Every structure is written in structure tokens, then in C-alpha cells.
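Below is one structure, written out as C-alpha cells; the observations come after it.
The values are calculated or read from the model by the stated rules, or taken from the named source; none is laboratory data. Since we're looking at a predicted model, the values are computed, not measured. Methodologically, a virtual Cβ is constructed for each residue, glycine included, from the backbone with ideal geometry; neighbour enumeration extends over all protein chains shown. Surface accessibility is based on the protein's heavy atoms, side chains included, excluding ligands, DNA and RNA. Shrake-Rupley method; radii C 1.70, N 1.55, O 1.52, S 1.80 Å.
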Amino acid sequence: MEDDAPVIYGLEFQARALTAQTAETDAIRFLVGTQSLKFDNQIHIIDFDDENNIINKNVLLHQAGEIWHIGASPADKAVLTTCYNKTSDSRVVSCAAVWRMPSDWETGSHESPDDTAHNPQTLELLCHLDDSVHGNAACVLWEPMGDGKRVISLADNHALLWDLQESSTQAVVSSTATLEGKGQLKFTSGKWSPHHNCSQLATANDTAIRGWDLRTMSQIYCIENAHGQLVRDLDFNPNRQYYLASCGDDCKVKFWDVRNVQEPVKTLEEHSHWVWSVRYNHSHDQLVLTASSDSRLILSNMVSISSEPFGHLVDDEELSEGEDNHQDDKSKEPLKDSVVSTYEEHEDSVYAAEWSSADPWLFASLSYDGRLVINRVPRALKYRILL
Amino acid sequence: MDGEADGTVAVSEDCDPSRRRRVHGMLKLYYGMNKEGKAAEEMESLDPCDINGPHFDPELYLNKLRRECSLTELMDQETCMVKQIRSLDSDMQTLVYENYNKFISATDTIRKMKNDFKKMEDEMDCLSANMAAITEFSASISGTLQDQHAQITKLSGVHTLLRKLQFLFELPARLNKCLELQAYAQAVSSHRRARCVLQQYSHLPSFKGIQDDCHAIMDELAQELRQKFRDGGSSAKDLSECVELLLQLDEPAEELCDKFLSHARSRLESDLQGLEAEIRPYPSASAVKDASARRLLSTAGAGSPTDNSPKTSTLPSPTSNTDILEFIDRGCNEFVSSLCLVITSYQELFINHAQTGELATKNIPQMANGKLHVFVDDLAARYFSLVERRIQEEKGVGDNSLLVRALDRFHRRLQAVAKLLPGSAVPNKGTEIVVRAATERVKQYLSALQSFYMDSLTDVRQALATPRLSVAGASVAGGGAHLGGAASGRDAPTSLPELLSSLSASILNQIKSVLASVHLFTAKDITFSNKPYFKGEFCSQGVRESLVVSFIKFVCQSSRQFCESAGDKGGSTPPALLLLLSRLCLDYETSTISYILTLTDEQFLVQHHSPVTPVTSLCAEAREAAQKLLNHYVKVQGLIISQMLRKSVETRDWVNTIEPRNVRAVMKRVVEDTTSIDVQVGLLYEEGVRKAHSSDSSKRTFSVYSSSRQQARYAASYTPSAPMDTNLLSNIHKLFSERIDIFSSVEFNKVSVMTGIIKISLKTFLECVRLRTFGRYGLQQIQVDCHYLQMYLWRFVSDENLVHFLLDEIVGSSAHRCLDPAPMEQSVIEVICERG
């Protein structure tokens, strides 16, 4: 019905960084970081009112520089990390920092929603995750489902594991791992595995994907030539510990079983340009979101390699008689991997897509021209998965 | 009197014959001879006035006359009547006279007869007396002769008995003599004659002695015969004679059959071993050494005529010394012909012969026939296995006619067996072998075609690689080799269509020659070509489906594999090869496939009993492959250029760069590469349609367009008050421009291919630019570069607006990513670009 229509929000600036507010489980809230070289950069806090289909925004200033990556703490709603570019003395340096939102950002915005542009509040710096020795930060990863005390930053060819102490005001490098090889190796992206007691990390550099054991900080697997070209993003299947999705400049999305890295389990080739972001749905891992610089967002239903390959397993006892018909319908349709839907609301390259942390059927995507689009999983599919 | 007179009157009125009959009838009446006539006359006679009727009443008649007639009439009547009476009288007199004469002569005759009979009776009496005398004489004669006759009979009986006895007594000696002279047949026939008698009188000691002697001799003879039978050296005729005699000697037929067959078996097996020996010699190391040694010798002794060693090495059956035709020939001549001989003689001996003789009663023909079948089947199976082994060694596909001829001969010779042994499974098995050999051959041809295709691809690959090397070499070598380098450089592109045509021609030729070779299987003069398999299934399933269609599918398949295997690594297949293959597949789709299939159908008169792959689906497959290859080509070429652009953007410090004075070398390289790709594609694909534009105005349009728009953009972007405008502007622009699919399918023409490549390159450029931060001069450099690209790239694409748009985006994005966006003057850019 009506509420299946996408909701579009325009930012004034170009933007690449998007995250859901991970610790927030009630409100549907996304954080967007802008990129502007000339103006103060901002973090937009996008609240989506599901019932009224309305977006509420709040803006916080991020004066340190243009934001390339943003990450929200899984424990504290107000804490977030950014990777940003700082220009000084005609040099561009990438830095990473932990920030806290001012406690009254919400109340302030409610009083005068129109004035936020004029008088935005500023983020409060908690600590820098800077280690100039280690180079430019590419991204910062929070420990999934952790207590918000551990982060990993990827800087050039180093992975740094930080302990945040004294309510995140102090960051200490607890261990590091270094990627060694010929040439200038550089991590492009990474993901902290939620499995194995959060002791594993996957990183991407050039065309390879590597797995790391955080306890020893040593490489545990390596998928050489995972993609024909640059690997842009990774994501772990939240329910199947060995499954990993990756995407890259060869327009492909590949699904890997890290126990056997010779061949991808599955390959999707739906995009017509580089794929910049791949995200598993947090609860229904057959739903995979991919964002590409062909200005499209694609939602795929990868049933065959999901944790529910036979659909939602319904106990016979739970089935009331009324539901029998439904069951029949479902058994008639074979479960197939398919593209659920292609979203074409963007006009420019889509660099980021995220599922909401509060509503598993809702996701946001961000294109370079600053357009944020909030979409829902189609109702029919939603019911098929649920029932 | 009156009455009579009346009657005569009436009669006289009638004509003469009727009157006489009437008279005759009346006489008859008189004698009571005619009773039938009465009824007829009664009709007339009812009238009492009828003078001729029986009821004539003269009184009534007279009264009537008197009443009715006048006097004159009465007078006339009276005269008439008198006349009639007179004539009647005379008639009667004549009759009486005649009859009297006859009676007299009859009486004379009877009297004469009486006399004659009396005479005859006397003669008969005399005769009977004579006969009695004769009988008496005869009886007396026979009585006298009887004794002598009995004696003569007895004497002749004794004589024959004596002669028989003499024969018997002489028999041992005679047999011995026969044995000496080796006239076995005579001996056996003699013995056969005596055997029964001897058997009958064996209780008499003398006969017993003879019998024993005979037995001994015959045993010896039988022994000798058996010996002869057992001897390998004796000819088939001798052998059959032996068997015949032995059979007559009551040797058990079964045993003889077995012996005969085992004897034949040993001979046939030696044949088989001979054949096997020909297969055996696998090309062992020693053989190879021998060959090489021989070759060495031959080269040492210059010009010695041992040229056959290279010839045999080109012959594709290195596994055996003799070729298959010789082998089959030998098999036919030795094994099959002796088998036929054995069958005929065996049948002659045990079956046909036995059917006539008393042996038939013992079911010997059936038994013998059964044994023969088993025997033939067994040996034939071994022969077949040998032949099959030999055929399997025939791996090479050099000369099919040899194999076909060999198979033909093989099959033909088996027909003889079929004729001799009607119920045998041998010919069918032979046909099966031929069928298997044929299908095997088809498979071999398929793999040969496939390897030929792969080889020619390798050749093409090399041909593509070499001139490129020479170009590089020439450029390195510099001025000295300049001419040669240029020439070879020009050679490289021009050779592409030639390569294509030579490749497709050679493939087509190969297919044709293979078809011709395979066609031999169905030639009219080949015996097995009229088998239903070769008429139907072989043509449709064998040749058409599993050879031609499979090959075409293989071509498509392998082409697709080029796209997939090379997909991740990118560079393993030279792009020119992709392009070439794509064109090849497209040509296949448009014409070659249907040509090949029509050719096949025509040559083989394929009647499609079973469903066959339609031309359209093959064409679709070929087209799909062509599309895939071309897409892949675009992707690979786009990637190569993208890689250059990406590296050039990523490795430079755009913030601290110097003011642009030149177009960066990499852009020139991009243009050069694009041009060479354009030339390359142009060699194989048509131009294609592009949106109309005038070449003159195009450059100017761009400069105006870009300068005005870009100026507006930069103005907006560095006016602090309105950061929104930029986005608005570009968004509005995007609203009206179509969405560009970067890695999309291309059409089969040059413009589309070039558009695809340029799209990919420029999009990469854009995305890379967006990841960097630029200083003032960085932006200006990008401006220069983009202008340069615009100057050269527009001509390659279908819609120059596309290039405009993408380059615009690049410049716009870099302006956004610029710390100090101060764009360069358009005129300066133009000057720099024109300077090159």
C-alpha cells in the first residue's frame, strides 16, 4: 500500500558515510556523514517515523573534516566513530576519532526544527584513534554486540585493535596486525565477525579477502583474487558463521564459505557497475542488500545459502487450520535465489546501504549526491518469510 | 358302294402324297397298328356324313345328298364316286401284289439260314476234339521236364553262394591290399557289403575267423583314417573324405564332429594367433629406438630410400606395423575364408550328407548343427574381439577410407558366413562391430575437430601475439628498424580479418573433409551402408547430432569459456582473440551454421526420425556466445584503459601538483589505445549507427558547452552562499539524461563496442576522481585531460552527449573535490590540448 513507497531525504552535501544507530532498537535511526571540502561537515541523524512515514532530521556538526566512514557504537547510542580527511598544509590526512553526541541533541531539535541549520550543535570529541605511524585510517569497526569498549581501525596496511578506556575518552592500542607483501598494500574495507566470540576479522585489500584471528593477530585465511578487481565491501552472515559476502569493482557480489576459499558458493552479477556495499539483513540472512555506482540498490533473496534454506520452519503444532492454506501455497512455490527488487530512486552512485537496527524490514541507502532513500522489504516477501 | 365312292371323291380332291398317306393310315388301322391316330380321326369322324370317317352312315349320306343336291349334281357325284372306287380297287391290287413278293423272298432267306447253321455245328465239334488233344500233349511234356528244371535252379543258387563265400574268404586279403594301396573308400565299401553276413554267421568258426580278420583290418584302417584325420597336414578334401569313411565305419558322429571341429579350431586358432601377433607389438621403446636408429642410418647413408619412416609416422596408427586394411585383409583371407571352408565341409559331411543317409534318424544333423553354431560363435567372438581391438587402435583420423574399406571388407566377408550359416548371430555381431567402429570414428572425428579448432585458436593467438612483439621491438630499436616496425605494425591490424577468414575457412574445410570422410560410411558400394542404422540413425544421430551439432556447440562452449575463465584474471586471453571469436560466432549465427547443417543434410540425406537440434537453437547459441564474447571484449578493453586511468588518478598527489602545461601522457595513451581498438574493431565489425553530428561543429560544441556549463558550475560551487545549487543543477541535468548502464550489452557494431569501452573507462575515471582530493592545479589538470579526451573520444561513440556528460561529471566531481577550485580558462585549456 502507500507505505511501501520509498521515502526520500536530501542532504545538502555529498555523502558517502551511512550507518544505522546500532544501539538504538526502538527508533529507526540512521546516521549520515557528509563530505564537503569547503563547509563544515555534518552528521545527520535521520529518524524515520514508520507510522506516519515522516523523516525527522537532526544535524550535528563535525568540524574535523569530510567524513569517509561512520560507525555507531553497539552499546552506547550516543557514541560513534568517524574516519575523516583533514587537510592541513596542503596535505590530506585521514584520521579516525570517537565522538559523543551532545546529550540534548534531540530536545534541541524538537524545539526549533527549522533552525538546526543555523545553529547546529557540535559533536563532542572523546578521543582520537590516531597513530600517525600507522598511516591513514580507512574505517573503524566496533566490536559487534560488544560493550562498546573495543574497536578496530584499519589504517593503510595495519589493523589496530583499540581498547577504549575511561568511558571512551582514552584509546589504547592493544594489538596490531600488519599486512605484509610487495607494493603498497592498503586495506580498503573490513568487517568484524560477530561469530566465534568476536575473535575474527575479515579485511579486504585490492582483490584479496583475508581473515584474521584477533587473539593472535595472525592471518587465518586468505581468498586471493576474490574479485576480478578491487574488493569494495564485506559482510558476515549474521546466522551462519562461515559465510561471508563480498562485492567489488567487477560488478559482482560473491558469497563465500571461508572453510573453502577456492570457489565462491554463489555469485550474483546483477549490477552494471562497481558494487560498493553489501549487507546481510540482521535477522533474515537470505535478504542481501547491495549498492552500486550504477545508481541502483538491489535487494536479493538468497534462500539457497541462507540459514533458512527451506523457508521459515513452522512446527506443525503451531499451525492452526486457517494457516494450512498458506502452507500449501508456500510448498508449491520452489524457493529460489532471486532478485527481490531493484531500487532506482538514486540518480548518482550509491556508496552505502544499511539495514535499520530497529526494524528488520527497513533499510536506507545513500547516494553521492546526498540523497538518502528509505525503503522496505516488499510486503509479500515479508509475509512469505514470516509465515 | 356309295359310301366308298364318296370316299374316293374326297380323296381325289386331295393331293397325291396326302392321299397315299391316308391310304397307308387306313391300312394301319386295319391291322390295328395305329391306336394313337384314332383320337385325331375321331374329330373328323363324328360327322356321319363324312365319307372317310368311321361313323359314316351311307343312309344318312344318301338322304342328305338327295335332299340337298340337284339331279345333275347327283349325277356328277355318282360318276365321281365310281371313278374313286375304281382307283381304290387298283391301289389295293397293287399293294397285295407287292406284299406277296416280299413274303416270298423272306421265306427263301429263312430256308437258306437253316442250311448254313447245320454246317457250322459240325465244324465246332471238330475243333473241340483237337483242343483236347493238345492239352494232353502239353501235360505230358511238362511232366517230363520238371526234374531238370529243379536241378538247374539249385545249381545256380549254389553258384551265387559260392561266389559270396569266395568274396568273404578273399575279403581280408582284399582289405589288406586296399589298405596297402590306401584305397580306403573301396575297402570300406567292401567291408560294408560283408559286414552283415559275417555278423549273421559269426557263430560258425570259419566265418568268425574271417570276421575277426576283417575287424582287425578295419580297425587298422579306422586307426589309419583317424591318424590321417588327426594329422594337420591333410587337405580339407582329404579330411572330409576321411570323415565320410569314418562315418560309414560307424564311428560315433558326435565324436567325429568334435574331432573335426577341434581340428579345425586348431587351424583357425593359429590364424587368430597370427592376427593377434599383429596387434601385439605395441610401440615399445625398442621399436621407437629402432625407428630412430633406422632414421639415423638413413640420414647417414644420404638419399637412401627409407622415406617410408616419416610416412608411416604421419600415418595416424603408430600402434601397429600393418595398417588396418592389411590386417582385415589378412583376417578375411585367413580366418574368415578358412572358417567358411570349415563350415561348408562340415555341413557337407555332417548335415547335408547325413540328412540323406540313415544317420538322419539319429538326430545327427541337429546335433551337428548345434555344435557348429557353438563352434562358429566361439571363434567368431574371438575374431571379433581381435578386430575390435585392432579397430580401437585406429585412433588417428588421417585416412578414413582405409578404415571404411577395411570395415567393408570385414562386413562383406561375414556375409558369406551368413549365407552358409543362416541362423547365426555372427553377421549381426559383425554389423554391431561396424556400427561401433563407425560411432567411435565419429567421436574421434569430433575430438579431432575440437583439437583442430583449439590448435587453430592457438595459432591465431600466436599470430596475434607476434606482430605486437615486433611493434614493441621496433619502437625499442628505434630509427634503424623504423620502416620494418611500421610495416609490421600495419600488418598486425590488417591481418585480423585475414586471420578470421583463414580461421573460419580452415574450420569449414576441416568440417567438410571430416564430413567427406564420414560420408564414406554411407557410400553406395559399401555393403553395410544399406543397413538401417547407417541409413537412419548414423546420419541423423551420429553425423548430424554428435558430430556437427556437437562441434558447433563446442565452438560456442569454448568461446563462452574464454569469457568465464578469463573473467577474473582479465588478461589471459588476448582481447583481439575475443573480438575475433565473437565475429566468428556471429558469422556462424548468420550463415555458417545453416550452411554446415544444410551441407550435412544434403550429403547424408538425413531423415529425421528422432528429434534433432534445430538450426535456430544453434544459431541462438552462437549468437549468445558472440554477444558474450563481445561484451567480454568490451569489458576487458575497458578494464585495460580503466586500469591506466585508475592508476594515474590514484598514484598522483593531486593537491600538490604543478600547474598543467601538458596533457598527461596517460591520456594520450588512452586516446592511442582507444584509436587502435577502434581500428581493431573496425576490421571485423561494421560501423554502426551514431547520432548525427557534424564533425566540424562537434569540437566547437563541446568547448562552448563545457565552458559555459562548467563555468556555471564552478561559479556555483565556489559561491559560498548556495551549496545546494550545484546538486540541484546536476540533479536537474540527470533528471533529463537517461540512466547510463556502464557494463551493459553491446550491439554488434563498432560504434556500440567503442561506446561501451569508453563508458567503462570514463566511469572509472569518475569514480576514482571522487575518491581523491584536488588542489587548484589538480583540478586544472583534470580539466585539460578531460578536454583532451573530449577532443578525441567523441568520434568513437554513438552519442557524443554521453562523452560530454561523463566528462562533465568528472570535471564537476573534481571541482567538488577541490580545495581551491579555480578553473582554468577555456582558451588556455584549448591551447594546451592542441599543443598535444
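If you check B:T651, B:T598, B:T616, which single one turns out to be within 14 Å of chain A (Cβ to nearest Cβ), open to solvent by 60 Å² or more (accessible area, probe 1.4 Å) and free of Cβ contacts under 8 Å to residues at least 60 places away in the same chain? I'd like the intermediate steps shown before the answer.
Numbers: B:T598 fails: within 14 Å of chain A (Cβ to nearest Cβ); B:T616 fails: within 14 Å of chain A (Cβ to nearest Cβ).
Testing whether each residue is within 14 Å of chain A (Cβ to nearest Cβ), open to solvent by 60 Å² or more (accessible area, probe 1.4 Å) and free of Cβ contacts under 8 Å to residues at least 60 places away in the same chain leaves just B:T651.
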Exercise for review: Six or more apart or on different chains, Cβ under 6 Å: which pairs go from a residue in the range B:365-377 that's at pLDDT below 80 to one that's open to solvent by 50 Å² or more (accessible area, probe 1.4 Å) and part of a helix (DSSP H, G or I)? Could you list them?
Suggested key: B:P365/B:Q355
Exercise for review: Report, by residue number, each residue of the range A:211-239 that is under 18 Å from the mean Cα position of the chain (by Cα), away from every other protein chain (no Cβ under 14 Å) and of a type in the set (A, V, I, L, M, F, W, C).
Suggested key: A:L234, A:F236
Exercise for review: For the range B:64-105, enumerate the residues that are surrounded by 12 or more Cβ atoms within 10 Å (Cβ to Cβ), modelled with pLDDT under 90 and polar (S, T, N, Q).
Suggested key: B:Q77
Practice item. Give the residue, chosen from A:L381, A:L366, that is buried (at least 23 other Cβ atoms within 10 Å of the Cβ), more than 13 Å from chain B (Cβ to nearest Cβ) and among the hydrophobic types (A, V, I, L, M, F, W, C). Key: A:L366
Review point. Residues in the range B:757-776: is at least one open to solvent by 50 Å² or more (accessible area, probe 1.4 Å), within 27 Å of B:E830 (Cα to Cα), modelled with pLDDT under 60 and within 14 Å of chain A (Cβ to nearest Cβ)?
Key: no
Study note, to complete from the structure: Scanning the range A:253-291 for residues that are at pLDDT below 90, open to solvent by less than 30 Å² (accessible area, probe 1.4 Å) and either in contact with a Gly (Cβ under 8 Å, 6 or more places away or on another chain) or over 21 Å from A:P360 (Cα atoms) (or both) gives A:V258, A:L268, A:H271, A:S272, A:H273, A:W274
Exercise for review: Select, from B:T79, B:T160, B:T144, the only residue that is closer than 30 Å to B:N52 by Cα, assigned to a helix (DSSP H, G or I) and outside the structural domain of B:D212 (by the TED database).
Suggested key: B:T79
Point to revise | Those residues of the range A:217-252 which are open to solvent by 30 Å² or more (accessible area, probe 1.4 Å), among the polar types (S, T, N, Q) and in a loop (DSSP other than H, G, I, E, B), in sequence order | key: A:N225, A:N239, A:Q241
**Study point:** Those residues of the range A:26-48 which are more than 14 Å from chain B (Cβ to nearest Cβ) and not hydrophobic (A, V, I, L, M, F, W, C), in sequence order
**Key:** A:D26, A:R29, A:G33, A:H44, A:D47
Review point. Which residue pairs have Cβ atoms closer than 6 Å, lie 6 or more positions apart in sequence or on different chains, and pair a first residue in the range A:353-366 that is within 7 Å of A:A20 (Cβ to Cβ) with a second residue that is part of a loop (DSSP other than H, G, I, E, B)?
Key: A:W355/A:N281; A:W355/A:H282; A:S357/A:T22
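Residue by residue through the range B:734-754, note down the ones that are within 14 Å of another protein chain (Cβ to nearest Cβ) and at pLDDT 65 or above. First the steps, then the outcome.
Quick first cut of the range B:734-754, residues within 14 Å of another protein chain (Cβ to nearest Cβ) only: B:734-746.
B:I740, B:D741, B:I742, B:F743, B:S744, B:S745, B:V746 - these are the residues of the range B:734-754 that are within 14 Å of another protein chain (Cβ to nearest Cβ) and at pLDDT 65 or above.
Yes or no, residue by residue, for (1) away from chain B (no Cβ under 14 Å); (2) closer than 20 Å to A:L289 by Cβ; (3) at pLDDT below 85; (4) buried (at least 20 other Cβ atoms within 10 Å of the Cβ):
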site: A:Y9; (1), (2), (3), (4): no, yes, no, no
site: A:A15; (1), (2), (3), (4): no, yes, no, yes
site: A:E24; (1), (2), (3), (4): yes, yes, yes, no
site: A:S73; (1), (2), (3), (4): yes, no, no, yes
Check your understanding: What number of residues within the range B:654-668 satisfy the criterion of being assigned to a loop (DSSP other than H, G, I, E, B), away from chain A (no Cβ under 12 Å) and buried (at least 16 other Cβ atoms within 10 Å of the Cβ)?
Key -> 3
Point to revise | Of all residues in the range B:539-584 being polar (S, T, N, Q) and within 23 Å of the chain's Cα centre (by Cα), the one that is modelled with the highest pLDDT | key: B:S550
